[in-house]
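Q: Once you've had a glance at the structure underneath, I'll fire off some questions.
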Amino acid sequence: MNFTFNTPPDIVFRSGSTRELGELVKSRFQKPILITDKGLIAAGLVDPAIKSIEAAGLNVLLFDDVAADPPAAKVKQAVNFAREHGADGVIGLGGGSSMDTAKVVAVLMNANQSLEDIYGTNTVKGKRAPLVLSPTTAGTGSEVTSISVITTEEDTKVAVVDNALYPDLAVLDPELTMGLPRHVTAATGIDAMVHAIEAYTNIHRKNPLSDALAREALKLLSSNIVVACEKPGQKDAREAMLLGAMLAGQAFANSPVGAVHGMAYPLGGIFHIPHGLSNSLMLEPVLRFNAPNADHQYAELADVVAPGAAGTNAQKCDAFISRIIEIIEATGVERRLSQLGISHNDLPRMAEDAMKGQRVLQNNPRTVTYEDALAMYTEVL
Ligand SMILES: NC(=O)c1ccc[n+]([C@@H]2O[C@H](COP(=O)([O-])OP(=O)(O)OC[C@H]3O[C@@H](n4cnc5c(N)ncnc54)[C@H](O)[C@@H]3O)[C@@H](O)[C@H]2O)c1
Ligand SMILES: [Fe+2]
């Protein structure tokens with residue numbers, strides 16, 4: 001046995017904790033920049049956080065111009081804003097896009113490195129500013145990962161992966177997710193399920209802690225996602241989803257994702273299809289493609305999502321895939337690329353771009369070639 005495992009040192013999971021945010025963070029900085037997007041301002045989620053921070057005696061700066069699948073130019077704007085206004089810490093409040101932007105701002109605002117300098121793995125030099133993250137989607141798990149995903153000027157999604165990106169504190173308040181619209185609940189919840197599944201089948205860094213977290217995450221997510229979609233005000237389901245997404249984040253931060261994400265990135269990078277929906281679209285073809293090499297692991301996961309499943313590994317693997325697809329269909333998300341405006345002519349460029357994602361493809365239980373990628377895109381067109 002040989003593994004390393006990292007996670008943030010401080011995690012607060014409590015309903016209503018946004019109203020205590022100021023007390024939770026006040027020892028860490030005096031003039032934090034709060035990084036979020038306009039959708040969250042409109043949803044009324046940012047105001048209580050700001051009030052709480054101010055009530056604790058801090059001076060808070062607001063950057064609310066985060067864009068989905070954060071484009072490099074926007075991230076640089078946020079870094080400049082933090083520098084110009086003399087921020088001494090960062091709070092990321094929002095979905096993966098806001099938290100990923102916040103992570104990079106915390107790293108770059110006091111550094112001599114440029115954004116391009118830190119693309120890749122273990123590239124961060126120097127000390128980042130204090131960093132607190134609070135998720136509003138039950139999805140990415142970014143609040144507990146060492147990853148930030150940025151979209152380059154060439155529409156390619158690249159990652160910064162460095163232990164410096166783990167926050168000092170993650171604050172999880174399930175109340176923030178109560179108003180998530182159905183399609184966001186579905187897509188981000190499926191993203192979290194994919195994190196758990198792909199962490200479980202990583203061929204390089206699979207480890208017992210990630211396995212245990214992934215199984216628990218998948219149990220919570222698979223049994224609550226449809227309820228959260230159909231009864232959005234159901235507090236227990238929202239809580240289970242947020243917890244499941246966090247556990248899946250801890251799992252894949254230490255046993256990174258594979259070809260579902262690799263195949264999904266071009267959908268986000270080129271067509272701006274939301275990250276969770278991109279993953280959801282590619283999940284079935286990749287699971288079927290991987291099955292010859294990963295059927296024993298998928299069979300183990302059948303015990304989690306389809307407890308009655310019995311028989312050989314191949315039969316249980318089938319039961320696992322069928323159950324996952326049944327859940328996805330029940331959430332009502334789109335199932336075809338053509339429903340999102342993608343045509344046959346786009347597929348070669350997508351397959352070419354997918355091949356650039358070796359950072360994640362190398363973790364996959366089966367090697368994906370350009371022809372394989374093209375075949376899988378064609379399958380879900
Ligand atoms: N860092 C990581 O470990 C990691 C992991 C997976 C994905 N990602 C990245 O995260 C990004 C996707 O993040 P996401 O799926 O959380 O979506 P997002 O942050 O892009 O947000 C999607 C939309 O949902 C809205 N929204 C968010 N929370 C809401 C709420 N509670 N109520 C109402 N509206 C709300 C936002 O305003 C936004 O319009 C992608 O760039 C993806 O690549 C990062
Ligand atoms: Fe993801």
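Q: Restricting to the range 71-86, and then to whatever is among the small types (Gly, Ala, Ser) and within 15 Å of ligand 1 (Cβ to nearest atom), can you tell me which residue is most open to solvent (accessible area, probe 1.4 Å)?
A: Of the residues in the range 71-86, the ones among the small types (Gly, Ala, Ser) are 72-73, 78, 82, 86.
In the following step, the residues that additionally are within 15 Å of ligand 1 (Cβ to nearest atom) were identified as 72-73, 78.
Numbers: Ala72: 3, Ala73: 56, Ala78: 0 Å².
Taking the candidates together, the pick is Ala73.
Q: Considering only the range 87-114, state which residues are more than 25 Å from Ile273 (Cβ to Cβ) and open to solvent by less than 40 Å² (accessible area, probe 1.4 Å). Give the derivation first.
A: From the range 87-114, those more than 25 Å from Ile273 (Cβ to Cβ) are 87-91, 105-114; that's our starting set.
Ala87, Gly89, Val90, Ile91, Val105, Ala106, Val107, Leu108, Met109, Ala111, Gln113 - these are the residues of the range 87-114 that are more than 25 Å from Ile273 (Cβ to Cβ) and open to solvent by less than 40 Å² (accessible area, probe 1.4 Å).
Q: For Ala67, which of the numbered conditions (1) under 24 Å from the mean Cα position of the chain (by Cα); (2) touching a residue at least 40 places away in the same chain (Cβ under 8 Å) fails to hold?
A: Every listed condition holds for Ala67 apart from (2).
Q: Kindly check whether there is at least one residue in the range 9-24 that is open to solvent by less than 70 Å² (accessible area, probe 1.4 Å), charged (D, E, K, R) and part of a helix (DSSP H, G or I).
A: The answer is yes, given that some residue of the range 9-24 is open to solvent by less than 70 Å² (accessible area, probe 1.4 Å), charged (D, E, K, R) and part of a helix (DSSP H, G or I).
Q: Right, something else. Out of all the residues in the range 319-327, is one or more outside any helix (DSSP H, G or I) and in contact with a Ser or Thr (Cβ under 8 Å, 6 or more places away or on another chain)? Steps first, please.
A: Of the residues in the range 319-327, the ones outside any helix (DSSP H, G or I) are none.
No, because not a single residue in the range 319-327 is outside any helix (DSSP H, G or I) and in contact with a Ser or Thr (Cβ under 8 Å, 6 or more places away or on another chain).
Q: All but one of (1) closer than 23 Å to Asn279 by Cα; (2) crowded, with 21+ Cβ neighbours inside 10 Å hold for Ile118; which doesn't?
A: Exception for Ile118: condition (1).
Q: Count, please, the residues in the range 294-317 that happen to be of a type in the set (D, E, K, R) and open to solvent by less than 20 Å² (accessible area, probe 1.4 Å). Outline the logic, then answer.
A: Our first condition is that a residue be of a type in the set (D, E, K, R); within the range 294-317, this holds for 295, 300, 303, 316.
Narrowing further to those that are open to solvent by less than 20 Å² (accessible area, probe 1.4 Å): none.
The qualifying residues number 0.
Q: Name the one entry in Ala49, Ala68 that is modelled with pLDDT under 95, touching a helix residue (DSSP H, G or I) at 6+ places or on another chain (Cβ under 9 Å) and crowded, with 16+ Cβ neighbours inside 10 Å.
A: Working: Ala49 fails: modelled with pLDDT under 95.
Checking each option against the conditions leaves just Ala68.
Q: Another question about this same structure. Output the residues belonging to the range 251-293 that are more than 21 Å from Arg323 (Cα to Cα), part of a helix (DSSP H, G or I), more than 12 Å from ligand 2 (Cβ to nearest atom) and open to solvent by 20 Å² or more (accessible area, probe 1.4 Å).
A: Result: Ile270, Phe271.
Q: Would you check if Ser278 is within 16 Å of ligand 1 (Cβ to nearest atom), closer than 15 Å to Val194 by Cα and polar (S, T, N, Q)? So that I can check it myself, show each step before the final result.
A: On the way: within 16 Å of ligand 1 (Cβ to nearest atom): yes; closer than 15 Å to Val194 by Cα: yes; polar (S, T, N, Q): yes.
In short, yes.
Q: For the range 145-154, indicate whether the set of residues that are within 16 Å of ligand 2 (Cβ to nearest atom), within 16 Å of Leu169 (Cα to Cα) and in contact with a Phe, Trp or Tyr (Cβ under 8 Å, 6 or more places away or on another chain) is non-empty.
A: yes
Q: Out of everything in the range 186-209 that is assigned to a helix (DSSP H, G or I) and away from ligand 2 (no atom under 15 Å from the Cβ), what residue ends up being nearest to Ile41 (Cα to Cα)? Step through it out loud before you land on a result.
A: Of all residues in the range 186-209, those assigned to a helix (DSSP H, G or I) come to 186-200, 208-209.
Keeping just the survivors that are away from ligand 2 (no atom under 15 Å from the Cβ) gives 208-209.
On the way: Pro208: 40, Leu209: 37 Å.
Applying the filter and picking the extreme gives Leu209.
Q: When you check Val158 against the structure, is it β-branched (Val, Ile, Thr), away from ligand 2 (no atom under 16 Å from the Cβ) and open to solvent by 10 Å² or more (accessible area, probe 1.4 Å), yes or no?
A: Working: β-branched (Val, Ile, Thr): yes; away from ligand 2 (no atom under 16 Å from the Cβ): no; open to solvent by 10 Å² or more (accessible area, probe 1.4 Å): yes.
Against the criterion (β-branched (Val, Ile, Thr), away from ligand 2 (no atom under 16 Å from the Cβ) and open to solvent by 10 Å² or more (accessible area, probe 1.4 Å)), Val158 does not qualify.
Q: List pairs: first in the range 3-14 and at negative phi, second open to solvent by 60 Å² or more (accessible area, probe 1.4 Å) and not polar (S, T, N, Q), Cβ under 6 Å, 6+ apart or cross-chain?
A: From the range 3-14, the pairs are Phe5/Leu209.
Q: Give me the pairs, please: first residue somewhere in the range 190-214 and outside the structural domain of Gly249 (by TED's automatic domain parsing) and over 17 Å from Arg323 (Cα atoms), second residue anywhere and away from ligand 1 (no atom under 15 Å from the Cβ) and open to solvent by 10 Å² or more (accessible area, probe 1.4 Å), beta-carbon distance under 9 Å, and either six or more positions apart or on two chains.
A: none
The values are calculated or read from the model by the stated rules, or taken from the named source; none is laboratory data. The model shown is predicted, which means the values in this text are computed figures rather than measured ones. Note that we place each Cβ from the backbone using ideal geometry, even for glycine, and neighbour counts take in every protein chain shown. Side chains are part of the model used for accessible areas, which takes the heavy atoms of the whole protein and leaves out ligands, DNA and RNA. Shrake-Rupley method; radii C 1.70, N 1.55, O 1.52, S 1.80 Å.
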